Amino acid sequence: MLTFGAAAGAMLFHLATRGVDGGIASVCGWLVGVAFLFVPFALGSMGAGDVKLLGALGAWLGPGDAIWLALYTGMAAGAIALVVAARHGYLRQAYRNIWLLLLYWRVSGIRPMAELTLESGSGPRLAYAAPILAGTVATLWLR
C-alpha cells in the first residue's frame, strides 16, 4: 500500500501542478521504473516491493530521470552485491551461479531456474532498498 500510495500521490501531484502532461509524464515514469525491474522479478530474483518502489520513484521523477534512476540503482546494486558476496565468502559461488544461469538460459530459454530464485537460493540476500536509495541520491545529485 505504501509504494502504490506514493505512486498515486505522485501522479495526482503532477496532474494538479502540471496538468494532463504532468500526469502522463508521471504515469510514464512509473511504467519505466517498473519495466526496468519486472524481468528480474518475473525470474524470481527480486521481490515485488522493490519493483513497486522503483516505479513509485519513477512516478515522482518522470520517465527521463527514471531511466537514470534505474541505471544508477543497477550500478549501486552490482557494487554492493560484490561487497556482500565477498564478505560472506560467496563471491566465487556467485560467479559460478551466473555462468550456470547463462548456460541454463541458453538451453532452456529465459525462465526462472528454481535453484537460484529468492525462495530456494542459499546465497546471501541483498536488500535492494539500499541500492535504490543510492540510485535516487545519484539521480537527484547529477540532475
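Points worth noting:
- The residue that is least open to solvent (accessible area, probe 1.4 Å), counting only those in the stretch 1-44 that are hydroxyl-bearing (S, T, Y) and at pLDDT 95 or above, is S26.
- Scanning the stretch 99-143 for residues that are under 12 Å from S45 (Cα atoms), in a helix (DSSP H, G or I) and either of a type in the set (D, E) or in contact with an Asp or Glu (Cβ under 8 Å, 6 or more places away or on another chain) (or both) returns a single hit, E115.
- Residues satisfying the stated conditions in the stretch 90-143, i.e. open to solvent by 90 Å² or more (accessible area, probe 1.4 Å) and small (G, A, S): S122
- Flag if R96 is assigned to a helix (DSSP H, G or I), modelled with pLDDT under 95 and among the charged types (D, E, K, R): yes
The values are calculated or read from the model by the stated rules, or taken from the named source; none is laboratory data. Values in this document were obtained by computation on a predicted structure and should not be read as measured data. Here the Cβ is made from the backbone with ideal geometry for all residues, glycine too, and neighbour counts use every protein chain on show. Protein only, heavy atoms only, side chains kept; ligands, DNA and RNA dropped before computing areas. Shrake-Rupley method; radii C 1.70, N 1.55, O 1.52, S 1.80 Å.
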